[in-house]
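Only one structure is covered here, and it is reproduced in the block below.
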Amino acid sequence: MEDIFQGYKGKALDVLKKFNVRVWGKVVIETTRGEFQGTVLPRAENDDDTHIVLKIATGYNIGIDIFTIKSMKEVGYYKATYKIPEKEFPYTPNLPKVKLLGTGGTIASRLDYRTGAVIPAFSPGELYGAVPELANICNLTTEKLFAVFSENMGPEQYKALAIAIGKEIENGVDGIIIGHGTDTLSHTAAALTFMVQNSPIPIVLVGSQRSSDRPSSDAALNLMHAAYTAGHSDIAEVMVCMFGPTSDEYGFLHRGTRVRKMHSSYRSTFRTISDTPLATVNLKDGVRPIKDVYNHRRKDRNVKILPYFEEKVSIVYYYPNMKPDIIDSLVDNGYRGIIIAGTGLGHVNKPLYPAIERATKRGVHMFMTVQTLWGYAHMYVYDTGRDLMAKGIIPAENMLPETAYIKLGWVLGQTDDPKEVKRLMLTPINDEITPREPYNGYLIYQGGVPEVEEFIRKFRK
Amino acid sequence: MAKKQEPGKHFDPHKNYRDTQKAIGYVSRAETTRKDYERIGFKSGLEVHQQLKTKQKLFCRCPAGLFHADNDYHAEIIRHMRPTLSEMGEYDGTALMEFKTRKEIVYRINNKTTCTYEIDDTPPFPINREALEIALEISLLCKFNIVGEVHITRKQYLDGSIPTGFQRTAILGVEGGIQLKNKKIGLIQLSIEEDACREISDIGHRRIYKTDRLGMPLIETVTHPHCLTPDELREAADYIRFLNRSTGKVRTGIGAARQDTNVSCEGGTRVEIKGVSHNKWLPELSHNECFRQWALLHIREILLKRNPLPDKWTMRHIEIDPFATNLEHPVALKFFEMGYRIVALALPLFHGILSHFTQPGKCFTNELSDRLKVIACIERPNITSNEDLEMPLSENDTTKLASLLKASPDDTIALIWGPADDIPTALETIEERCRMAFEGVPRETRRPLPDGTTLFERVLPGADRMYPDTDSAPIPLEEAYIEKLRDRLPTDIWVRYQQLAQLQIPEDTHAFLLRRNLVPIIEEIVALGFPSRFVGTLLGHTLKRIEGILPRHINFSYNRIVELFRFIKENNLHHALSKVMLPVIYQHPNMDFNSVLTSINFKRKTEEELLAPVDYLIEKFKEIKIAKKDKPENVVNWVMGQLQRQALGNIDPAVLFSKIKSKVM
């Protein structure tokens, strides 16, 4: 049966029942603060139980305090049904075939404001209705694999995605787009880099930092950039395609293993760490490579799908005064791999040593990355580093902590042999470890410096 | 309109303009009576925007009220606004229009006034409670029914004036009212909202804004369309402005208060004139808008008579090479040389329409030209025709183009020009607006001009542009909190009017006194025992004049005037002295009052001392006056004049006068 009191609970629910009023009922409410008229809207589940929400004639919403209500009368009923209009996605000969795989997240969803529920705008028709420009870029088909928020993406989804990508490549598409929430977009990008190797076509992960229901959303432009990249670019790699500057100008294509979300809310949040992005993309200039070495698009379909993942892997972010029981409890709980994000060049303090030795004896694989994100773990520089290596920790060079976590899970899904684990971890698949860090790989300019300010004024951030 | 054989032959657009102006019964505002407004069914209402005086902006912690020059910026951000679907799955008309214009929006950001919130790179912080409280006080003053819980809503704006593409706004009260002199005006609602960007320029496809004002707290008071004459509209606008200011917690100065007015005539449509910064402009603007609508209805009538089935109406167009066709029109030639495309149009049945009166000095051509500028982004001049009032097509041109277009006598021949990319939109825009002429008055927002006329600004947005803000939680308004606010409200404005009348303060001072919120000051001074009429006139006339001509010291506040009167009382001076002291304390509020007396050369004198030279002065007068038959009054007045300055503050001038009189007569 349909819930006629959507979201209302406790006292507010009692009041609705007492006056025989439903959600979507048009009501006249007499209160100690005067008369109010409007349509009763559903209430968000987490809000209190002492107010009733009305949409008034001018389109605004207001809340009525139930303790001020003297009487309430339902004088009509109108249930709004929310639907995204669909238009058939037109087929254009000679345009590339692109497949969009949906996982949930803001690029492929619209919020139902009234209920807070996510309504995915996903079918090609819906996407065409919202972003008609897509039809000039490619012939798009879509498939919804999951509907989960970014933070709920995990090994099961990585594996399912990898397999689905393998099938699409076999079916002959020219490029793949994966719609994804942004919070763990880079984790998925790393996982797919390891699980889908030697792809003949571009695999582009894309999201949005501002939901597609707002006029200034980055979703449409990101999607167009991703579609262009998937359909036309020569770069056959797993990439993240998101805003370059915060302005609506161009997108970056980041290598899936070196990219990281660096701001909680900026549009230009994704940055390549310790290297430059692969390329820029916009509809005017197309894809313009920044790096000159990358995997090129091929006609064959010889992709390798390696959908493995060991879930008992963890990441430990070291802090001063960390106690050994943190490591102990992971070992005691059966964890098989630990990535440590150490300080500086890759350090932890002495009190942890016994716990580390114990973990090594129990066969737990440990790799060292750096909290500084930029730069390499250099464990020969200080004694501490040498001590740690002697106790079994292997420096993971300049692999990002999250990438190292994903890679260790993937490696341990295939082998438990320490030598093989080490070999696989330290043999880069696509730049998760780079042999050298270019000078422009680390650029965080500080605001306030006159030259920087001059630059910012001329070129958009 | 005279019948003729060929388009443009022997047609005088100026005469047609005058004839149509007469035909619709246009009357200038000065000559209009209430009856005229009843005849055309004048109806209007207001949306009054008022900035609140807070330290910070509404949804972030940037300082409010700090402004910078157009070129004083640290960074630029570019955005393109896309229409989003409404809750009902429709695109808003305004949204589509804005999308058609393909504008590149540039924001100039100054780090002192703008953070990542304003440019939509950070979600909102909790609402500024100081602003909310001021807005609630004003809501209570307007007798609104206060909501139980405030819900922040997103109201879409695609013109780029807000980088998010929507304004965060929330209703605080519904259904209030204000009492004017002769009637009550109902109020629909009051909302608190964030102010928009200030536009720097809008040329072609590039619109530039600065973000200093963006996000400042603002309230909007919306009235029912209860104003039936332009004067009532003005009165209501003044009332709301005075009410807002009576709290002492709102901003004043340029741009701090702006109003939109909704106007319609009988059979017309609600048209919104946006951003009128002076209340005194409202009557002329609303008057002209009402007659513009009346004129558009007349045009509709003419067109429907010529073609009762407007659905099938289409125009014809042809791109021309002005040199190949030997075009004479100098403006068109100039633009062609600049690389613009030139397109000739035949508008069937539109003979006599393009020069039809719409507003003083404007005709239907302006309706087309304004839209070409706004929607197709082609700068003016962008159109001409054989009916143009300023630069019409010559008869030669008209004849040539008419034959190219195979036009018939009922057609009007027009010419437009613009960059190649903008021509398709331009053609669509003209055809669309011409079709609308068969329907009457399009729903628009219009921009006011100082001459009292208006320009098309955009299509009036529909109701479907409101969405709950999913980034903010609702804010409950407890009963106890509302009661606390209610207890400290200032006096109602209509009560203030009555008080001023009772205090016998001249009516011509009322507007100024209320605008500056000076009645509480008058009350304090009168409570010290000074005559109300004098105090009212001092503040309403003398102070007003001083404010108009002298620079105000930053530390001057109206309370200093109360202190001045306290000083006068304590020192047993006569209050007339305040007129001379006021300009000094206005410029030097930190000066102690004794020094003020010194600076105006005041000397304390007794009545005897003042009257001592009277006999001497009477003799003196006789000496210097040549006329023999001087009336005694003249002697009294002259002596009074000689003594007045030194007597000021020492003795009541009326007493002095009667003493001199008794000596002379």
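The values are calculated or read from the model by the stated rules, or taken from the named source; none is laboratory data. Remember, predicted model here, so these are calculated numbers, not experimental data. So basically every Cβ, Gly included, is an ideal-geometry build from the backbone, and we count neighbours across all protein chains shown. Heads up: the accessible areas ignore ligands, DNA and RNA and are worked out on the full protein's heavy atoms, side chains in. Shrake-Rupley method; radii C 1.70, N 1.55, O 1.52, S 1.80 Å.
Spelling out what I want: for every residue of the range A:180-188, take phi, set θ = phi - 60°, compute 6.51 cos²θ - 1.76 cosθ + 1.60 (Karplus), and round to whole Hz; glycine and proline get x.
8, x, 7, 4, 10, 4, 6, 4, 5
How big, on average over all directions, is the shadow cast by the Cα convex hull of the range B:491-602, in nm²?
Average of the hull's projected areas for the range B:491-602 equals 6.7 nm².
Could you compute the FRET efficiency for B:ARG29 and A:VAL449, with r as their C-beta to C-beta distance and R0 at 41 Å, rounded to 0.05?
Efficiency computed from Cβ-Cβ geometry: 0.10.
Which trypsin sites (Lys or Arg not before Pro) from the range A:271-310 combine a DSSP loop assignment with at most 15 other Cβ atoms within 10 Å?
A:LYS284, A:ARG298, A:LYS299, A:ARG301
Determine the share of chain B's accessible area contributed by carbon and sulfur atoms, expressed in whole percent, with a 1.4 angstrom probe.
Answer for chain B is 52 percent, counting heavy atoms of protein chains only.
In bins 20 Å wide, starting from 0, what share of all Cα pairs of chain B does each bin hold, as a percent?
All Cα pairs considered, the percentages come to 15, 38, 29, 14, 3.
How much area per residue is accessible in chain B when the probe is 1.4 Å and only protein heavy atoms are counted (Å²)?
42 Å²
Mind pulling up the Rg/Rh value for the range B:608-664? Radius of gyration and Kirkwood radius, both on Cα.
0.96
What quantity of accessible surface, computed with a 1.4 Å probe and excluding non-protein components, is buried in total between chains A and B, in Å² to the nearest 100?
Approximately 4800 Å², summed over both chains.
For an R0 of 41 angstrom, estimate the FRET efficiency from the Cβ-Cβ distance between A:HIS378 and A:ASN302 and round to the nearest 0.05.
The formula returns an efficiency of 0.60 here.
From the cross-link list B:LYS210/B:LYS274; A:LYS159/A:LYS361; A:LYS26/B:LYS57; B:LYS544/B:LYS622, which pairs have alpha carbons spaced over 28 Å apart?
Too far apart for the 28 Å limit: A:LYS159/A:LYS361; A:LYS26/B:LYS57; B:LYS544/B:LYS622.
Evaluate E = 1/(1 + (r/R0)^6) for A:ASP49 and B:SER201, where r is the Cβ-Cβ distance and R0 equals 51 Å; express this FRET efficiency to the nearest 0.05.
So the FRET efficiency works out to roughly 0.50.
With 10 Å bins from zero, work out the P(r) of the range A:193-273 over every alpha carbon pair and list the percent per bin.
20, 51, 26, 4
Between B:PHE125 and B:ASP652, what length in nm is gained on full extension when 0.36 nm per residue of separation is reduced by their alpha carbon distance?
183.6 nm
Could you name the aspartates and glutamates whose alpha carbon sits less than 18 Å from that of B:LYS312, not counting residues in the same chain fewer than 8 places away?
Straight-distance partners of B:LYS312: B:GLU301, B:ASP410, B:ASP411, B:GLU428, B:GLU431, B:GLU432, B:GLU439.
Of all accessible surface on chain A at a 1.4 Å probe, what whole percent is carbon and sulfur?
Carbon and sulfur together cover 53 percent of it.
Which lysines have a Cα less than 28 Å from the Cα of B:LYS334, not counting those fewer than 8 places away in the same chain?
Correct list for B:LYS334: B:LYS9, B:LYS100, B:LYS103, B:LYS362, B:LYS373, B:LYS400, B:LYS406.
For B:GLU507 paired with A:GLU133, estimate the spin-label separation in nm (one decimal), with each label point 7 Å from Cα along the Cα-to-Cβ line.
Those two pseudo-labels are separated by 6.1 nm.
Within 10 Å of each Cβ in A:259-269, how many Cβ atoms from other chains are there, averaged over the peptide?
Rounded to a whole number, the mean comes out at 2.
Could you give each residue of the range B:128-143 its phi-based ³J(HN,Hα) in whole Hz, using Karplus coefficients 6.51, -1.76, 1.60 with θ = phi - 60°, and x for Gly or Pro?
Computed from phi, the couplings for the range B:128-143 are 5, 5, 4, 5, 4, 5, 4, 4, 5, 4, 5, 4, 5, 4, 8, 6 Hz.
Hey, which of these cross-link pairs are over 23 Å Cα-Cα: A:LYS70/B:LYS143; B:LYS35/B:LYS184; A:LYS79/B:LYS43?
From A:LYS70/B:LYS143; B:LYS35/B:LYS184; A:LYS79/B:LYS43, over 23 Å: A:LYS79/B:LYS43.
On average, how many beta carbons from a partner chain sit within 10 Å of the beta carbon of a residue in B:164-170?
Partner-chain Cβ atoms within 10 Å, mean over residues of B:164-170: 3.
Would you check the accessible area of B:GLU133, probe 1.4 Å, heavy atoms only, in square angstrom rounded to 10?
50 Å²
How far apart, in nm, are the 7 Å Cα→Cβ label points at A:ASP417 and B:GLU266?
Placing both labels 7 Å beyond Cα along the Cβ direction yields 9.8 nm.
At 0.36 nm per residue, minus the direct Cα-Cα distance, what do A:ARG358 and A:ARG386 gain on full extension? Give it in nm, one decimal, please.
Computed gain between A:ARG358 and A:ARG386 is 8.3 nm.
Would you please report the Å³ per residue occupied by the convex hull of the alpha carbon atoms in the range B:275-383?
In the range B:275-383, the Cα convex hull volume per residue is 148 Å³.
Under a point spin-label approximation (7 Å from Cα along Cα-to-Cβ), what is the A:LYS291-B:ARG545 distance to one decimal in nm?
Result: 8.0 nm between the two label points.
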